[in-house]
Amino acid sequence: MDRTSFTAAEVCGYCHADIYENWKSSFHARAYADPVFQKAYRTAFSAIGAKSKQLCLKCHAPTILATKDAEAKLPITREGVTCDFCHTIEAVDLKNAAAPFKSDVGGQKKASMRLLGAHPNPSGSNPAAHQAAYTEWFNKSELCGGCHEMVNANGVKVGQTYSEWKASTFATEGIQCQGCHMTPVEGAPYVASVKAPQKTTIADHTLLLNREKLENAVDLKVVSAELNDAGAYVVDIAMVNVKAGHNIPTGSPSRALTLEVSLEGDGLVRVVQVRSFGKRIVDKKGNWLTTEVDALLKGTKEKYNTSLKPMESRTVHFVFSNVPAGKLKVTARAFITQNPVVDSEEHLHVPLGMVEN
């Protein structure tokens, strides 16, 4: 057993084929190679030099915490958040922002299933490659909090998904990050040559919520829609974050929750108004920092945070002037937007809810 290096994900895939294929399509698998990260990484390196390696790679290529391969010369480093990194974590210290994870490299694998050790092939010709043990906290949000809680050198919380969850009723009720982001999907936990699989599902290692799960994440209601005495059409929309166990938006300050309200009807071509909600981080001169890397390097203050908290209800007021009399249809839509930082990336636009009146 090699106690000095991590196992490549492709090797894990020999036995855990479905999980491996599932993981390959995840942001974790692309954490290092993704062009968005690479551009941000180059920007950080230009600004602070070698310090950027530890700052960025501790989460985007976290095997360096054990291997010290800050130059990313090892293939395992470039695998991003790879299988063997997560499944060898034996402790998480959220107070140690520089190195929140302690790994038992080459040791017993950690898992969320109640495994009792190696499971050799009945023929005896292909013994399991490792032992695995059930670890209770593997199902806990703290496992995610080591990366999904970013505080910069000035003490500004650039990304605070973990603490948003911690303050929510989801945490109070014991609903962990994994409960939403790693729900069962079709697949076998291991190939039949290792042992006949007893389950037909695996935990979703893409960690992505599909459009079906995101549908109506923000519940919208038209509270009122009427002409006032001044002749303006006034619309009040109530929005509630009913699904996310963290704020919407969460993470990067480049993301925004956009609420769009449109009017159309007799004698009126469709008119639209929008409101955006999110987090604004500024530098020491008060300039708005719109990217995650700028917020990490230069942020001195969170000027405001209008993100929608879990289960929070908020009423938003819209006023449309010069609206002709007649029957009007009101349509409200909520969606997440994020501007790209590389030319080849499409703008992120994720619909979260819609209501018509």
Starting from 0.36 nm per residue, how many nanometres of slack lie between Ser224 and Glu312 once their C-alpha separation is accounted for? 29.7 nm
Just to be sure I understand the model, the point goes 7 Å from the Cα along the line to the Cβ. What's the resulting Val185 to Gln131 distance in nm? 3.2 nm
Could you pull the accessible area for Arg333 with a 1.4 Å probe, rounded to 10 Å²? 80 Å²
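How would Leu308, Leu143 line up by accessible area, probe 1.4 Å, largest first?
These residues rank, largest area first, as Leu143, Leu308.
Using Cα pairs closer than 8 Å and at least 6 residues apart in sequence, work out the relative contact order for the range 239-305, in percent.
Relative contact order for the range 239-305 comes out at 27 percent.
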Answer in debye to the nearest 20: the dipole magnitude of the range 174-320 about its Cα centre, from +1 Lys/Arg and -1 Asp/Glu charges placed on Cβ, is 780 debye
Enumerate the calculated ³J(HN,Hα) couplings along the range 302-315 in order (Karplus 6.51 cos²θ - 1.76 cosθ + 1.60, θ = phi - 60°), each rounded to whole Hz, writing x wherever the residue is Gly or Pro. 8, 5, 6, 9, 9, 4, 8, 6, x, 6, 6, 10, 9, 9
Any lysines with Cα under 17 Å of the Lys213 Cα? List them, leaving off those in the same chain fewer than 8 positions away. Lys243
What's the FRET efficiency of Glu21 with Lys329 using the Cβ-Cβ distance as r and R₀ = 56 Å, to the nearest 0.05? 0.80
Once you have the alpha carbon radius of gyration of the range 34-75, what is it after dividing by 2.2 N^0.38 Å, with N set to its residue count? 1.08
Take the Cα coordinates of the chain, assign each an equal point scatterer, and use the Debye formula without solvent to give log10 I(q)/I(0) at q = 0.07, 0.14 Å⁻¹. -0.38, -1.21
Divide by every residue of the chain the summed helix terms, -39500 (n - 2.57) for each DSSP H run of at least 4, and state the resulting mean residue ellipticity at 222 nm, rounded to the nearest 500 deg cm²/dmol. -5000 deg cm²/dmol
Using a 1.4 angstrom probe on the protein heavy atoms only, could you order Val151, Val235, Val269 from most to least accessible area? Val269, Val151, Val235
Determine the gain in length on full extension of the stretch Val271-Asn357; use 0.36 nm per residue of separation and subtract their C-alpha separation, reporting nm with one decimal. 29.5 nm
To the nearest 20 Debye, how big is the dipole of the chain about its Cα centre, given +1 on the beta carbon of each Lys and Arg and -1 on that of each Asp and Glu? 920 debye
Roughly how many nanometres apart are two label points built 7 Å out from the Cα toward the Cβ at Ala232 and Ala8? 6.4 nm
Report, to the nearest whole %, how much of the accessible area of the chain belongs to carbon and sulfur atoms, 1.4 Å probe, protein only. 54 percent
Put +1 on the Cβ of every Lys and Arg and -1 on every Asp and Glu Cβ in the chain; which of Gly353, Met239, Gly49 then has its Cα farthest towards the positive end of the dipole? Gly49
Residues of the chain: accessible area per residue at 1.4 Å, in Å²? 53 Å²
Within the chain, longest stretch free of exposed GluC sites (Glu not before Pro) [DSSP loop, at most 16 other beta carbons within 10 Å]: 72-172
Through the Karplus equation 6.51 cos²θ - 1.76 cosθ + 1.60, θ set to phi - 60°, convert the phi angles of the range 223-228 into ³J(HN,Hα) values in whole Hz; use x for Gly and Pro. 6, 7, 8, 7, 6, 9
With unit charges on the beta carbon (Lys/Arg positive, Asp/Glu negative), name the residue among Ser224, Ala188, Thr206 whose Cα is farthest towards the positive pole of the charge dipole of the range 185-230. Ala188
If Met354, Met182 are ordered by their accessible area, calculated over protein heavy atoms with a 1.4 Å probe, which sequence runs from highest to lowest? Met354, Met182
Once Lys and Arg get +1 and Asp and Glu get -1 on their Cβ, which of Ser254, Asn152, Leu289 lies farthest toward the positive end of the dipole of the chain? Asn152
If ligands, DNA and RNA are left out, what is the accessible area of Thr172 with a 1.4 Å probe, given in Å² to the nearest 10? 120 Å²
Here the relative contact order (percent) of the chain, from C-alpha pairs under 8 Å and at least 6 apart, is 15 percent
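Hey, got the dipole for the range 55-105? About the Cα centre, +1 on K and R Cβ, -1 on D and E Cβ, debye to the nearest 20?
Computed charge dipole of the range 55-105: roughly 180 debye.
The values are calculated or read from the model by the stated rules, or taken from the named source; none is laboratory data. Since the structure is predicted, the reported quantities are computational estimates derived from the model, not experimental observations. Virtual Cβ from ideal backbone geometry, glycine too; neighbours counted across all protein chains shown. Surface accessibility is based on the protein's heavy atoms, side chains included, excluding ligands, DNA and RNA. Shrake-Rupley method; radii C 1.70, N 1.55, O 1.52, S 1.80 Å.
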